[in-house]
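Step one of this worksheet: look at the structure below.
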Amino acid sequence: MVSIASRLRSRTIRRWFTAGMLVALPAATMLSVSSSAQAEPYPTRTVTIVTPFAAGSQTDAAARLVAQYLQDALGHPFVVENKPGANGLIAASTVARSHPDGYTLLLTTNSTHSAIALYKNVPYDPIKDFTPIARIGNFPSFVAVNLDVKASSMAELIALAKANPGKLTYGAGNSTGYVVGETIKKRTGTDIVRVSYRSNPFAMSDLIAGHIQMMIPDMTTGLPQVKAGKIRPLAALTKERLTFLPDLPTLDETVMPGFESLAWAGMFAPADTPPEIVNKIADEVHTMLTSPEMIERFSRPGIQVMWSGPQDFSAFVKSELVKWTETIKEAGIAPE
């Protein structure tokens, strides 16, 4: 016969086991819900890609190519939102303050992440407030003048500027145009008045109309106008001649030996965006930029494809911040 004490011990053990199961059940349920949430596919709704320059700019052209590709690849809308102004600070600060869930991204250039020494007060930290996703390419630029300017070379332009101090103007619609314009003045000892614009397309309209005499356009903004015979190119900013304009000399070849300036473009998310989302976007961008068809489509607006993933791009952004800060200091530009 089983003793009363044995039966009591058996009942007690069953109660402990049942109680343990009841305690463990909510924890297991929570773990299941948590795992399910983490496993939720991305994206499940519209993703916004903010860009710091106006429609028609090279940055805008790149953003729209990226948005269309990601939309097709990931099956949900990717839309481009243009936020021009303050040399990109408005757009960048908007993304820096956004929720880090992968649904607000930034496609930008050195203007917002390298050339911040142009400003006394920047409403974000270009390193701490962003998660680098991928570098997508380079934006080569060149010096161009209005057709009425009596200069067909950089040497002639510099001579004209020296003979007319303070009478020539140049338009700057991004940081490259501003920094290179001031560097040209510094190195050649000329006085050319800067006119600021919210984006290069606005400056180009004034250059064609003759309201300014000179600017430094990117290929998207400038190349069509060169081909249409509406502006005159004088020199490329790159060390090597441009494949788009092979007969155009460089600043290095002409009035500024050793000079080179090449703008870059890349994608960022707000700081603390989950790595699985960052890596998913980076992988899709990598696939895009290894496609011969997409490389050709990027080359049409003058974009030189150049991919690097989150880790390499992060290191690149840090090094470019140092480089552009030194260039701005050399040009004698005081923060505004």
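General remarks:
- None of ASP272, ASP218, ASP252, ASP247 is charged (D, E, K, R) and assigned by TED's automatic domain parsing to the domain that holds GLU320 except ASP272.
- Test: residue in segment 268-275 that is under 19 Å from the mean Cα position of the chain (by Cα), of a type outside the set (A, V, I, L, M) and part of a helix (DSSP H, G or I): no
- Scanning segment 63-104 for residues that are under 22 Å from VAL179 (Cα atoms) and either crowded, with 17+ Cβ neighbours inside 10 Å or without any contact (Cβ under 8 Å) to a residue 40 or more places away in the chain (or both) yields a count of 10.
- Some residue of segment 245-267 being exposed (fewer than 15 other Cβ atoms within 10 Å of the Cβ) and polar (S, T, N, Q): no
- Scanning segment 232-241 turns up no residue that is surrounded by fewer than 22 Cβ atoms within 10 Å (Cβ to Cβ), without any contact (Cβ under 8 Å) to a residue 24 or more places away in the chain and at positive phi.
- Segment 209-231, residues that are surrounded by fewer than 16 Cβ atoms within 10 Å (Cβ to Cβ) and not charged (D, E, K, R): ALA209, GLY210, HIS211, PRO224, ALA228, GLY229
- Only listed residue being at pLDDT 50 or above, within 30 Å of ALA117 (Cβ to Cβ) and assigned to a loop (DSSP other than H, G, I, E, B), chosen from ALA54, ALA61: ALA54
- Number of the exception - LYS83 against (1) touching a helix residue (DSSP H, G or I) at 6+ places or on another chain (Cβ under 6 Å); (2) of a type in the set (Lys, Arg); (3) closer than 20 Å to MET306 by Cα: (3)
- Filtering segment 181-199 to residues that are closer than 17 Å to SER261 by Cα and either in contact with a strand residue (DSSP E or B) (Cβ under 6 Å, 6 or more places away or on another chain) or surrounded by fewer than 24 Cβ atoms within 10 Å (Cβ to Cβ) (or both) leaves GLY181, GLU182, THR183, LYS185, LYS186, ARG187, THR188.
- Condition met for LYS280 (at pLDDT 95 or above, assigned by TED's automatic domain parsing to the domain that holds VAL305 and of a type in the set (Lys, Arg)): yes
- Test: residue in segment 304-311 that is among the hydrophobic types (A, V, I, L, M, F, W, C), outside any loop (DSSP other than H, G, I, E, B) and closer than 14 Å to PRO140 by Cα: yes
- Test: residue in segment 142-153 that is more than 23 Å from PHE259 (Cβ to Cβ), part of a loop (DSSP other than H, G, I, E, B) and either among the acidic types (Asp, Glu) or in the same structural domain as VAL285 (by TED's automatic domain parsing) (or both): yes
The values are calculated or read from the model by the stated rules, or taken from the named source; none is laboratory data. Quantities reported herein were computed from a predicted structural model and do not represent experimental measurements. Backbone-built Cβ (ideal geometry, glycine too); neighbour counts: all protein chains shown.
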